[in-house]
Amino acid sequence: MIRLSRLTFLPLIFAAQALSAGETISLQAAQFKALGIATMAVGSDDAGRGGTLPARVLVPNAQMRVIAAPVGGMIEMLAVAPGASVKRGQVLAHLASPQALELQRDALQSASQSGLLQQSLKRDEQLFAEGLIAESRLQATRAAAAQASALATERRQGMAMSGIAAGKLGGPLILTAPIDGVVLEQGVQLGQRVEAASLVYRIAKLSPLWLEIQAPVDVAATLREGTPVTLPVAGASGKLIAIGRAVDAASQTVILRAEVVLGADRLRPGQVVEVGIAGATGEGGAAGQRLPAGALVRHEGKTLVFVQTASNAQGSSFVALPVQDISQGGDSVVVDAVKPGDKVAVKGVSGLKAMLAGVGKE
């Protein structure tokens, strides 16, 4: 056990005598205060709710729709804004498009031409039956009528795919909502000129929602589809619907996907949340405890945290505990070896590391 008496000259006056992980560092009360050490109880709210895993809220692919400009033109009217609820068939925007007029004109012309050739075909069939024309003429008329009919059908379907009303020339192109949902994104501004396929709106149905969860490999190996998941902060719950097979090389985590129905209205796409998974166990029998990233230090190739083992009016004692960071999310890290209720140093850890690294006896 190493006991320090004059903290003021700590970096200069101690001979280098490194402590090893697991040895106790004792500080007097004045030294504890001078180093600015602060501790946090593992599993408290400030620790980020131990035993949980980081997740991101997503909209299921089947519940999203993109409303894009079917042809080039100018945005003439926008009826809704991001966050608005819309119903299927509701008018969202008007697009003034010369290209749409061209499509309408071509469709009308091809339909008229097809009609004329169908009449010619009927006439030639009658004349052929009476023996007044050769069969070759009838075959030529029949081929022309078939070609005109196919062209008319193609242009009519092209208009339908573009949302252009058949048999009507002129007027703006009307863009409508294909599903009931909420507008997530608006991609254009009023009066903007756009190209074909430009994003106008992105809408989605927001129930149920997906959670994309980062889980350590050993934790993922213990889970099965259908396992319940909870979001204590949001008061929501759901179940696992997919367990990834690929492992991220950097974080050594597996992506889990959960579906949330209960409480989905309290979540937002893109939101980062903490998720508890029933029965999730890993090395050491737990999914780990979440700590601020600043509580961890690297020393001699190991990752350490400083756990407070004693504290009274005279001073405090800490032990350097080796841990393994098993997942990361934002400014926090999930680690093993630490138990709920342990008090871990989250501030002043650089001073404790300096003492561990070689600030020995006076």
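Table for the structure above
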{"read-out": "Residue match in the stretch 98-111 (condition: among the polar types (S, T, N, Q) and modelled with pLDDT of 90 or more)", "value": "no"}
{"read-out": "Criterion violated by Lys205 - all others in (1) crowded, with 16+ Cβ neighbours inside 10 Å; (2) farther than 30 Å from His94 by Cα; (3) among the basic types (Lys, Arg) satisfied", "value": "(2)"}
{"read-out": "Residue in the stretch 231-244 that is closer than 11 Å to Trp210 by Cα, touching a residue at least 40 places away in the same chain (Cβ under 8 Å) and of a type outside the set (S, T, N, Q) present", "value": "no"}
{"read-out": "Tabulated pairs, the stretch 258-271, first assigned by TED's automatic domain parsing to the domain that holds Gly226, second surrounded by fewer than 13 Cβ atoms within 10 Å (Cβ to Cβ) and assigned to a helix (DSSP H, G or I), C-beta under 6 angstrom, 6+ apart or interchain", "value": "none"}
{"read-out": "Residue under evaluation Leu199, criteria (1) without any contact (Cβ under 8 Å) to a residue 40 or more places away in the chain; (2) under 20 Å from the mean Cα position of the chain (by Cα); (3) surrounded by fewer than 16 Cβ atoms within 10 Å (Cβ to Cβ), criterion not met", "value": "(1)"}
{"read-out": "Flag if Arg290 is touching a strand residue (DSSP E or B) at 6+ places or on another chain (Cβ under 7 Å) and at pLDDT below 90", "value": "yes"}
{"read-out": "Residue in the stretch 142-152 that is polar (S, T, N, Q), modelled with pLDDT of 90 or more, closer than 30 Å to Lys122 by Cβ and assigned by TED's automatic domain parsing to the domain that holds Leu117 present", "value": "yes"}
{"read-out": "Qualifying residues in the stretch 269-287 (those that are in contact with a helix residue (DSSP H, G or I) (Cβ under 6 Å, 6 or more places away or on another chain) and crowded, with 19+ Cβ neighbours inside 10 Å) - the one modelled with the lowest pLDDT", "value": "Gly282"}
{"read-out": "Failed criterion for Gln99 (all others in (1) assigned to a loop (DSSP other than H, G, I, E, B); (2) under 30 Å from Val183 (Cβ atoms) hold)", "value": "(1)"}
{"read-out": "Tally, over the stretch 256-268, of residues that are among the β-branched types (Val, Ile, Thr) and at pLDDT 95 or above", "value": "1"}
{"read-out": "Some residue of the stretch 147-169 being closer than 30 Å to Leu267 by Cβ, among the acidic types (Asp, Glu) and within 51 Å of the chain's Cα centre (by Cα)", "value": "no"}
{"read-out": "Number of positions in the stretch 206-230 that are assigned to a strand (DSSP E or B) and either at pLDDT 90 or above or within 13 Å of Arg257 (Cα to Cα) (or both)", "value": "10"}
{"read-out": "Selected residue (criterion: farthest from Leu267 (Cα to Cα)) from residues of the stretch 209-229 that are exposed (fewer than 15 other Cβ atoms within 10 Å of the Cβ) and charged (D, E, K, R)", "value": "Arg224"}
{"read-out": "Given (1) more than 14 Å from the chain's Cα centre (by Cα); (2) surrounded by 15 or more Cβ atoms within 10 Å (Cβ to Cβ), index of the condition Arg266 fails", "value": "(2)"}
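The values are calculated or read from the model by the stated rules, or taken from the named source; none is laboratory data. What you see is a predicted model; the values in this text were computed from it and never measured. A quick note on method: Cβ atoms are made from the backbone with ideal geometry, for glycine too, and the neighbour counts reach across all protein chains shown.
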